[in-house]
Amino acid sequence: MSDTILETQGLTKEFRGFAAVSDVNLKVKRGSIHALIGPNGAGKTTCFNLLTKFLTVTRGSIRYDGRDITALKPAEIARLGLVRSFQISAVFPHLTVLENVRVALQRQRGNSFDFWRSGSLLDRYNDRAMELLADVGLTEYAELSAGQLPYGRKRALEIATTLAMEPAMMLLDEPTAGMTAEDVDRIVTLVKRVSVGRTVLLVEHNLKVVEGLCDTITVLARGQVLAEGDYAAVSRNPDVIAAYLGTDPASVGVPEQGGGQAHG
């Protein structure tokens, strides 16, 4: 079994001649937590959309677990174990927290999703659903309507529904965006916990999160790989400081201004 679980070669996406992602070569080590960072417009979200097949590749290839997945559809790669959180983590606000996880667990029945069936049909998933809620710290919220959850707890529920897909690799897009400091700490702890036995690739703006969480960091700028390494190496790179963290090296290690959603 290769140490590399996800690899891209020459990954490129053009929109009417504009290269949003250009010749990106990425290797994600099996069992690691790997971050994509970069300024707004760097190509991070576009890269994620290519990896999860929400966008088609203009040029280049994507291999997952030794298999070329460049031409596959989102549902096909999810079944292979490569799951992006929002693919299956939409919160149904009028269902309880437990019911949301049970719906996600229905993948075990193939393609049949019984939104209209009685609750008794889904009772077989209760034990596993409660295990997942325990994993993300939501046991006490099981009977609460998902729409009533605070924002940070909703993100935890999304991770629980992602885990219901039994992914070998999770792709998380801005998991701490818009959160309070308390919620950020909770999600960081949660990601560390659920990463055991699987691989995590994430886009994250909060550099303190990246520093404390990630094994490897790939920095994108203008759609290309600018640097890669651990946090210590990347934070000392003058090109990274200039392009992403500003021109003052002392700014390394603080969240990007605004701390909001990435665009790119």
Exercise. Within region 193-213, restricting attention to residues that are out of contact with any Pro (no Cβ under 7 Å at 6 or more places or on another chain), touching a residue at least 12 places away in the same chain (Cβ under 8 Å) and farther than 12 Å from Pro175 by Cβ, which residue is surrounded by the fewest Cβ atoms within 10 Å (Cβ to Cβ)?
Worked result: Gly197
Exercise. What number of residues within region 80-91 satisfy the criterion of being surrounded by fewer than 21 Cβ atoms within 10 Å (Cβ to Cβ) and either touching a His at 6+ places or on another chain (Cβ under 7 Å) or at pLDDT 90 or above (or both)?
Worked result: 2
Seminar exercise, completed: Filtering region 1-58 for residues that are among the aliphatic types (A, V, I, L, M), assigned to a strand (DSSP E or B) and surrounded by fewer than 18 Cβ atoms within 10 Å (Cβ to Cβ) leaves a count of 1
For this session: Among the candidates Ala233, Ala242, Ala227, single out the residue that is in contact with a strand residue (DSSP E or B) (Cβ under 7 Å, 6 or more places away or on another chain), more than 29 Å from Met165 (Cβ to Cβ) and not polar (S, T, N, Q).
Result: Ala227
For this session: For region 16-48, name all the residues that are free of Cβ contacts under 8 Å to residues at least 40 places away in the same chain and more than 14 Å from Arg222 (Cβ to Cβ).
Result: Arg16, Gly17, Lys27
Exercise. Yes or no: Gly260 at pLDDT 90 or above and not basic (Lys, Arg)?
Worked result: no
For this session: Could you tell me whether any residue of region 102-122 is crowded, with 19+ Cβ neighbours inside 10 Å and at pLDDT 90 or above?
Result: yes
For this session: Among the numbered conditions (1) within 17 Å of the chain's Cα centre (by Cα); (2) at pLDDT below 90, tell me where Leu157 comes up short.
Result: (2)
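Restricting to region 145-183, name every residue that is among the hydrophobic types (A, V, I, L, M, F, W, C) and under 15 Å from Thr199 (Cα atoms).
Keep residues of region 145-183 that are among the hydrophobic types (A, V, I, L, M, F, W, C), which gives 146, 149, 156-157, 159-160, 163-165, 168-172, 177, 179, 181.
Answer for region 145-183, where residues must be among the hydrophobic types (A, V, I, L, M, F, W, C) and under 15 Å from Thr199 (Cα atoms): Ile159, Leu163, Met165, Ala168, Met169, Met170, Leu171, Leu172.
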Exercise. Looking only at region 59-70, which residues are within 16 Å of Val28 (Cα to Cα), surrounded by fewer than 16 Cβ atoms within 10 Å (Cβ to Cβ) and either hydrophobic (A, V, I, L, M, F, W, C) or touching a Gly at 6+ places or on another chain (Cβ under 8 Å) (or both)?
Worked result: Ser61
For this session: Could you figure out which of (1) modelled with pLDDT of 90 or more; (2) farther than 18 Å from Gly31 by Cβ; (3) in contact with an Asp or Glu (Cβ under 6 Å, 6 or more places away or on another chain) isn't true of His205?
Result: (1)
For this session: Provide a single number: the residues in region 164-186 that are crowded, with 22+ Cβ neighbours inside 10 Å and either in a helix (DSSP H, G or I) or without any contact (Cβ under 8 Å) to a residue 40 or more places away in the chain (or both).
Result: 1
For this session: Please specify each residue of region 123-153 satisfying the condition of being out of contact with any Asp or Glu (no Cβ under 7 Å at 6 or more places or on another chain) and surrounded by 18 or more Cβ atoms within 10 Å (Cβ to Cβ).
Result: Tyr125, Ala129, Leu132, Leu133, Val136, Leu138, Tyr141, Ala146, Leu149, Arg153
Exercise. When region 9-34 is examined, which residues are found to be under 16 Å from the mean Cα position of the chain (by Cα) and among the hydrophobic types (A, V, I, L, M, F, W, C)?
Worked result: Leu26, Val28, Ile33
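The values are calculated or read from the model by the stated rules, or taken from the named source; none is laboratory data. As the structure is a computational prediction, the values presented were derived from the model and not from experiment. Here the Cβ is made from the backbone with ideal geometry for all residues, glycine too, and neighbour counts use every protein chain on show.
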